[in-house]
Amino acid sequence: MPEITQIVSQTNNPNRVNVFVDDKFLTGIDKFTWISHNLKVGSDISQKLCEELKKQDTQGKAYDKVLKLLSFRPQSIFEVRQKLKAKFDSETITQAIARLKKEGWLDDQKFAEHWVRERSQTRMRSITHLKAELIQKGIAENIIREVLSRPDLADQELETAKKLVEKFKNSKTPDQLKAYLARKGFSYHVINKVARNR
C-alpha cells in the first residue's frame, strides 16, 4: 500500500501543507483536512483516500478563489459560477457555492440589496438601469422585484434625477436634459416631475 513519506508546510500559505506519497508529490491540502484525516508520515494511505484528498484540494482552491473575489466586492452566485468556470469543473463549482452559501458568504438577496444601495447613491443609477444590472448579474426575478420596490428607492431615484439636472442645467437645454435622463433609464413620470420643479 502507498505510504505517506512527507508532509511539508507550504511557504506561500502557512495554512496549507503538501503531501508526498512514496516520495512523490500527491496534493496540497489545508491543515484542517490534514488533521481531520489524521495523516502522518510513515502511515499507509489508500488509493481511495489519495483521490479524496486531491478532490478536497481542488474544492479548497475553488473556495479560496471565491473568498479572494469577495474581498474586492460582493459577488452574485451567477458571477462566481462564471468566474470559476475557467479553472474548475461543474461539480467542484457547485460544491464550493453550496459551502459558501451555507457559511453566509454568498447570498443573492443581500448582494442585490447592497448593489442597489451602492449604485443608486454613488453611481446615480435609475431604477430601470439598476434592474438591467441585476438581470446581468443573474439575480432571480422575484429578488429584483422585491429589492426595487422599496419606497425609499423611488425617492432616491427622484433625488438622483434632480442632481443630474443640476449638474448639466447650464450645458444642456431643457429638451436635451429630458433626453439625457431618458437615456439613463429614468421614467417619463420622474423626468416630468423634475422638469416641473426646475
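The values are calculated or read from the model by the stated rules, or taken from the named source; none is laboratory data. The structure displayed is predicted, hence computed values, not measured ones. For neighbour counting, all protein chains shown are included, and Cβ atoms are generated from backbone atoms with ideal geometry for every residue, glycine included.
Tell me, yes or no, whether region 5-19 has at least one residue that is under 30 Å from Val116 (Cβ atoms) and surrounded by fewer than 16 Cβ atoms within 10 Å (Cβ to Cβ).
No - not one qualifying residue is present in region 5-19.
Return yes when Thr58 is among the hydroxyl-bearing types (Ser, Thr, Tyr), without any contact (Cβ under 8 Å) to a residue 12 or more places away in the chain and either more than 30 Å from Leu153 (Cβ to Cβ) or not in a strand (DSSP E or B) (or both) and no when it is not.
The answer is no for Thr58.
Is it true that some residue in region 52-61 is under 30 Å from Gln136 (Cβ atoms) and in contact with a helix residue (DSSP H, G or I) (Cβ under 7 Å, 6 or more places away or on another chain)? Give the derivation first.
Filtering region 52-61 for residues under 30 Å from Gln136 (Cβ atoms) gives 58-61.
With the extra rule that they be in contact with a helix residue (DSSP H, G or I) (Cβ under 7 Å, 6 or more places away or on another chain), the set shrinks to 58-59.
Within region 52-61, one or more residues are under 30 Å from Gln136 (Cβ atoms) and in contact with a helix residue (DSSP H, G or I) (Cβ under 7 Å, 6 or more places away or on another chain).
May I ask you to list the residues in region 123-142 that are under 20 Å from the mean Cα position of the chain (by Cα), of a type in the set (A, V, I, L, M), crowded, with 16+ Cβ neighbours inside 10 Å and assigned to a helix (DSSP H, G or I)?
Leu130, Leu134
What are the residues in region 175-190 that are of a type in the set (Phe, Trp, Tyr) and in a loop (DSSP other than H, G, I, E, B), if any? Give the derivation first.
Of region 175-190, the ones of a type in the set (Phe, Trp, Tyr) are 180, 186, 188.
Matches in region 175-190: Phe186 only.
Which numbered condition in (1) assigned to a helix (DSSP H, G or I); (2) within 20 Å of the chain's Cα centre (by Cα); (3) without any contact (Cβ under 8 Å) to a residue 12 or more places away in the chain is the only one that Ser120 fails?
With respect to (1) assigned to a helix (DSSP H, G or I); (2) within 20 Å of the chain's Cα centre (by Cα); (3) without any contact (Cβ under 8 Å) to a residue 12 or more places away in the chain, Ser120 is out only on (3).
Please give the number of the condition Gly28 fails out of (1) surrounded by 14 or more Cβ atoms within 10 Å (Cβ to Cβ); (2) farther than 29 Å from Lys101 by Cα; (3) of a type outside the set (A, V, I, L, M, F, W, C).
Looking at each condition in turn, Gly28 falls short on (2).
Return a yes/no flag: does region 67-80 have any residue that is farther than 19 Å from Trp34 by Cα, among the polar types (S, T, N, Q) and not in a helix (DSSP H, G or I). Full working, then the answer.
Filtering region 67-80 for residues farther than 19 Å from Trp34 by Cα gives 67-80.
Keeping just the survivors that are among the polar types (S, T, N, Q) gives 71, 75-76.
Those left that are additionally not in a helix (DSSP H, G or I): 75-76.
Yes, some residue in region 67-80 is farther than 19 Å from Trp34 by Cα, among the polar types (S, T, N, Q) and not in a helix (DSSP H, G or I).
So Gly104 ticks every box in (1) part of a helix (DSSP H, G or I); (2) out of contact with any helix residue (DSSP H, G or I) (no Cβ under 8 Å at 6 or more places or on another chain); (3) under 30 Å from Arg119 (Cβ atoms) but one. Which box is left unticked?
(1)
Return the residues of region 32-43 that are closer than 21 Å to Lys61 by Cβ and surrounded by fewer than 13 Cβ atoms within 10 Å (Cβ to Cβ); say none if nothing qualifies.
Passing the criteria: Phe32, Ile35, Ser36.
Restricting to region 114-144, give me the number of residues that are at pLDDT 95 or above, among the acidic types (Asp, Glu) and within 27 Å of Lys167 (Cβ to Cβ).
The qualifying residues number 1.
Considering only region 159-173, state which residues are part of a helix (DSSP H, G or I) and farther than 14 Å from Gln121 by Cα.
Selection gives Val165, Glu166, Lys167, Phe168.
Within region 143-158, take every residue that is in a helix (DSSP H, G or I) and exposed (fewer than 14 other Cβ atoms within 10 Å of the Cβ) and give me the one that is farthest from the chain's Cα centre (by Cα).
Asp155
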